[in-house]
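Here's the structure we're looking at; comments come further down.
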Amino acid sequence: MSDKLQPISGSEPLSDAEPPLFHLALRLDGQRCLVVGGGPVGTHKAESLAACGALVTVVAPEISPGLELLGVKIERRCYEAADLDGCRLVVAATGVPAVDRQVYVDARERGVLVNAADDPEACEYLVPAVTRVGPVSVAVSTGGLSPYLAGWIKRQIAGVLPPEVGELATLVGRCRSSLRTAGLSSEDADWDALVDGLLWPLVSEGRMPEAATAAEAWVEAERSRLSQG
């Protein structure tokens, strides 16, 4: 491997070099997930997975003190391919390229989603930087180009994201559920009128009782309109 730095400038554009990522959010509650590596990166990944309800197992010869406080299953030994059996996804975070690559190869053979920390080419999925407000999550990805930049952008968004959007999401979710319970499609509802015209002016000022009343009136009006359509 050459020690020379690759030139930053070039003839090819920096963007659109690869197809865009397909973004999704996984439900991991009760799903078995594996983290290979017990250092700071593995600890962070295990904590994030456990926070989403995943059943996390960490395999590593050495375990950081923080991992022991997470309440996840810990196996103090070297990784084995059989550790992947029954897992929904795996994170390789040993910091040893050969080991992380082997985890990638083994996971691919078993159809287990795999992410190798700091090795974008050995990732079937990328973990975005996420900021959360109640049920609202805003995720930022740079396609593996720079985790630092993804985190920087996330912090800029977090600084301007109104804290009331969590309560707004809860109200809008209840309205959607009410329409679906009535056997109506939520796709044809006038959501702009609800969010921009009714709820946000009230929610943003903390006037939640009035917002709830406005939401109920909107649901009744939409039930009538959609039923006639």
Strands (runs of 3 or more DSSP E) fully within the range 71-185 counting 1 or more residues that are small (G, A, S) and closer than 23 Å to G30 by Cβ = 89-92, 136-140
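Tell me, yes or no, whether the range 110-119 has at least one residue that is over 22 Å from the mean Cα position of the chain (by Cα) and modelled with pLDDT under 95.
no
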What is the number of the single condition among (1) modelled with pLDDT of 95 or more; (2) not assigned by TED's automatic domain parsing to the domain that holds S204 that T142 does not meet?
-> (1)
Report the residue count in the range 199-229 for those that are at pLDDT 95 or above and in a loop (DSSP other than H, G, I, E, B).
-> 4
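This table checks each residue for (1) touching a Gly at 6+ places or on another chain (Cβ under 9 Å); (2) at pLDDT 95 or above; (3) surrounded by fewer than 19 Cβ atoms within 10 Å (Cβ to Cβ).
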site	(1), (2), (3)
D29	yes, yes, yes
R32	yes, yes, yes
K45	yes, yes, no
A60	yes, yes, no
P65	no, no, yes
E75	no, yes, yes
A82	no, yes, yes
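Looking only at the range 84-98, which residues are surrounded by fewer than 17 Cβ atoms within 10 Å (Cβ to Cβ) and of a type in the set (A, V, I, L, M)?
V96, A98
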Pick out the one residue from D196, D188 that is of a type in the set (D, E), at pLDDT 95 or above and not assigned by TED's automatic domain parsing to the domain that holds D118.
-> D196
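The values are calculated or read from the model by the stated rules, or taken from the named source; none is laboratory data. Nothing here was measured: the structure is a model prediction, and the numbers come from that model. Positions of Cβ are backbone-derived with ideal geometry, glycine not excepted, and every protein chain shown enters the neighbour counts.
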